[in-house]
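Below: the structure, in structure tokens.
Rule-based calculations on the coordinates, nothing more; no lab input. It should be emphasised that the depicted structure is a prediction, and the values quoted were computed from it without experimental measurement. Every residue, glycine as well, gets a Cβ built from its backbone with ideal geometry; the counts of neighbours run over all protein chains shown.
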Amino acid sequence: MSLVEASKKHEVNRKMFQLLSNSKGTGIYDDDIPFNAKPVNSKIKEINKLLQEAKRGEKEIGVGANLYYGDRLLNKFRITIERAVEDVYVNDVVARYKWNVTTKGKIGQIGKISPEDCIFIDDMMDKYSVPLHDPGTETPPPPPTLEEIETDLSNLKSKVNEIRTR
């Protein structure tokens, strides 16, 4: 059982933070937690902030700003989609790098997932994974535009909220 699971089970208040390290030392306290450790809605908020930053950069610098933000946005979006599958679609019953399968009080949620929900996630995974893979000698597919990312992010947030309220 992880510390987070144990604290929930025993109703112990906890605070999440991270300790960083670099070439100058270790144990650098950061009040924020790593992106990968954040829940889905927090990830969506962070991507939205990065998206707004990218849009400002595009206005000031031009489309060249997308080169800087593009991979970061796609990668964070893909990670968020994967976490949505774990946390929302399968209700944290099964997760990567988790020692056990936890079903008590959670497995009923899985039956609420529709074929349309699965198609939505499949389409999002295709759209946000393909541009990150090496296309070899083929012409790579164009990455989603900032407007597409904004629309998809909004759709993902809506889908997550819809599934959670079923």
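Couple of notes before you dig in:
- Cα lying deepest toward the dipole's positive end in the range 36-164, options P141, A54, I163, charges on Cβ: I163
- Each 10 Å bin from zero up to the one holding the largest Cα-Cα distance in the chain carries the following percent of pairs: 8, 30, 33, 22, 6, 0.
- Among Y128, Y68, Y89: highest mean-square fluctuation, GNM of the chain, C-alpha pairs under 10 Å: Y68
- Net length available on complete extension from K104 to E147 is 11.4 nm, with 0.36 nm assigned per residue and the Cα-Cα distance removed.
- FRET efficiency for E58 and N161, using Cβ-Cβ distance with R0 set to 41 Å, rounded to 0.05: 0.90
- Here the range 36-164 is assigned +1 on the Cβ of each Lys and Arg and -1 on the Cβ of each Asp and Glu. Its dipole about the Cα centre then comes out at about 780 debye.
- At R0 = 41 Å, FRET efficiency that the Cβ-Cβ distance of T139 and V94 yields, to 0.05: 0.65
- Listed pairs K38/K159; K38/K59; K9/K106; K9/K104 exceeding 22 Å between Cα atoms: K38/K59
- Structure remark: mean-square fluctuation, Gaussian network model of the chain, C-alpha springs under 10 Å; the largest value among K43, K24, K104 belongs to K24.
- Estimated 222 nm signal from helices in the chain, with DSSP H stretches of n ≥ 4 weighted -39500 (n - 2.57), rounded to 500: -16500 deg cm²/dmol
- Over the chain, relative contact order from alpha-carbon pairs under 8 Å, at least 6 apart, %: 19 percent
- Couplings 3J(HN,Hα) for the range 83-94, derived from phi with the Karplus relation 6.51 cos²θ - 1.76 cosθ + 1.60 (θ = phi - 60°), are 5, 4, 4, 5, 7, 9, 5, 9, 6, 6, 5, 10 Hz, where x marks Gly and Pro.
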